[in-house]
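Colleague: Take this structure, written in structure tokens, and hold onto it; I'll ask about it next.
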Amino acid sequence: MDYLHATEEDESPHESLFFIKRNKMYGVRSRDNFKYFDRHPTENAAYSTLKQGPFLFDLNHDQMESYNVSAHFPEKEIALRDLLESKREQMKSNPRGWRVR
């Protein structure tokens, strides 16, 4: 299910979707179908000490996330990276996300 675009009739209340793994937020997807992944360790056991990324994918044209388009959309990469950092800072003071400000 696409959580950013529930159905044609319903407008999703979400502007972005964040990816968390092992208590670390490492990625964000925007409503316009761009996905940004921060620099993170590889899942390949043979290269477990190496890091990969950052990556920016345009899911409108590359649903398999095969091509990093950071060079073509540098402003989008910066915006999503800043959004991810902002959310990380917010989560430090409100880790469960239930406090309303």
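The values are calculated or read from the model by the stated rules, or taken from the named source; none is laboratory data. Given the structure is predicted, the values throughout are model-derived calculations rather than measurements. Here the Cβ is made from the backbone with ideal geometry for all residues, glycine too, and neighbour counts use every protein chain on show.
Colleague: Between residues in the range 62-80 that are surrounded by 13 or more Cβ atoms within 10 Å (Cβ to Cβ) and residues that are assigned to a helix (DSSP H, G or I), which pairs lie under 7 Å by C-beta distance while being six or more apart or on different chains?
Modeller: Between residues of the range 62-80 that are surrounded by 13 or more Cβ atoms within 10 Å (Cβ to Cβ) and residues that are assigned to a helix (DSSP H, G or I), the close pairs are Ser70/Glu77.
Colleague: Hey, can you tell me all the residues within the range 51-86 that are assigned to a helix (DSSP H, G or I) and of a type in the set (Ser, Thr, Tyr)?
Modeller: Selection gives Ser86 alone.
Colleague: Now a separate question. How about the range 1-49: which of its residues are at pLDDT below 80 and among the aliphatic types (A, V, I, L, M)?
Modeller: Selection gives Met1, Leu4, Ala6, Ala45, Ala46.
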